[in-house]
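Participant: A single structure is presented below for examination.
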Amino acid sequence: MVVDNGSSDESLAMVAERFPATEVVALGRNHGFGRALNRAIAELPGDPILLVNNDVRCDPRFVEEMLAARDGAEMVAGVLTKDDAPQLIDSAGVVAARDTLMAFDYLHGEPVSAALAAPPPLAPTGGAALYGRAAFEAVGGFDERIFAYYEDLDLGLRLRAEGAVCTLAPGATGRHLYSATLRGRIGDKYALTGWSRGYMLRRYGIAASPAAAARTLLCEAAICAGQLVLDRTAQGALGRARGWRAGGGLPARKLPSELLIESSLGSGLRRRLRRRNMAPLPLAETGHEADG
């Protein structure tokens, strides 16, 4: 099944021509990542649920390897490689920092072989993920308030809080064209990521204590200042304010703190800067050792 969120190019014609057996859900307008997927999953019965983004080119054994790695787990993370350097990992799932809930692509910049012996991440990235239907439905699927970005982390946190297990499928690889949807529209991307960041900080109570609030404010201020200086946009800060307001009055969510990694503010900001520049990370800064 292909979900089309109101595309304005030739996507639907291409799918009809090249993949005639595919069922298409054409939504007419952009409903956001999570809402579109929830709609497709509800319409297409099946278990497990396997998600792949439209900017991923799967290697031939991707589906087989994802299924083989499941072994009863509620989540399986695939391995996305860099489109221009397929020997390097772009993301093998998502991990998050305990103190700030800052999210990172697991094993980013490491050779593909590193995934063979790596422990599993916190959760899969939404671009290459497998979920057991019962677990997915039990937590309500993707949070449809989140239009785009961090919805995979949010879903992973909720599943983990209910005792779900995640495994890594090192042989399930696909080449990923990073940020293909909003490439060149950096302000729009920062507005969306900022909203999701503010919303999740409030839902998970990251700034509940004075010390945590100060630490979180410092982290977010540094990120927004970097966006303002490097990209000349304040959309990330405005998005955070809107997301924080949207999370107000909603039930707090349980945070599985024992599954989050230790990451200092300085280390986290360096990771983000390197991710922005698409540069490889040293092994000690990928979260690999911290997860072990």
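The values are calculated or read from the model by the stated rules, or taken from the named source; none is laboratory data. These numbers come from a predicted model, not from an experiment. All Cβ positions, even for glycine, are placed from backbone atoms using ideal geometry, and neighbour counts span all protein chains on display.
Participant: Being of a type outside the set (D, E) and in contact with a Lys or Arg (Cβ under 9 Å, 6 or more places away or on another chain) is the filter here; which residues of region 207-221 pass it?
Facilitator: So the first thing to find is which residues in region 207-221 are of a type outside the set (D, E), and the list is 207-219, 221.
Of everything in region 207-221, just one residue is of a type outside the set (D, E) and in contact with a Lys or Arg (Cβ under 9 Å, 6 or more places away or on another chain), namely A207.
Participant: Same structure again: Residues of region 105-132 being over 22 Å from N54 (Cα atoms) and in contact with a Lys or Arg (Cβ under 9 Å, 6 or more places away or on another chain), which ones?
Facilitator: Quick first cut of region 105-132, residues over 22 Å from N54 (Cα atoms) only: 110-111, 113-122.
Within region 105-132, just L122 meets the criteria.
Participant: While we're here: Return yes when E23 is on the phi < 0 side of the Ramachandran plot, among the acidic types (D, E) and either in contact with a Gly (Cβ under 7 Å, 6 or more places away or on another chain) or crowded, with 16+ Cβ neighbours inside 10 Å (or both) and no when it is not. Don't jump to the end; show me each part of the working.
Facilitator: On the way: on the phi < 0 side of the Ramachandran plot: yes; among the acidic types (D, E): yes; either in contact with a Gly (Cβ under 7 Å, 6 or more places away or on another chain) or crowded, with 16+ Cβ neighbours inside 10 Å (or both): no.
Criteria not met by E23.
Participant: Among the candidates A128, A172, A134, which residue alone is farther than 17 Å from S91 by Cα, at pLDDT 95 or above and among the small types (G, A, S)? Before you say what the answer is, go through the steps one by one.
Facilitator: Numbers: A128 fails: farther than 17 Å from S91 by Cα; A172 fails: farther than 17 Å from S91 by Cα.
Being farther than 17 Å from S91 by Cα, at pLDDT 95 or above and among the small types (G, A, S) holds for just one of A128, A172, A134, which is A134.
Participant: Can you list the strands (runs of 3 or more DSSP E) lying wholly within region 54-125 that have 1 or more residues being surrounded by fewer than 18 Cβ atoms within 10 Å (Cβ to Cβ)?
Facilitator: Working: elements: 56-58, 75-82, 85-91, 94-96, 103-105.
Where strands (runs of 3 or more DSSP E) fall fully within region 54-125 and carry at least 1 residues being surrounded by fewer than 18 Cβ atoms within 10 Å (Cβ to Cβ), they are 56-58, 85-91.
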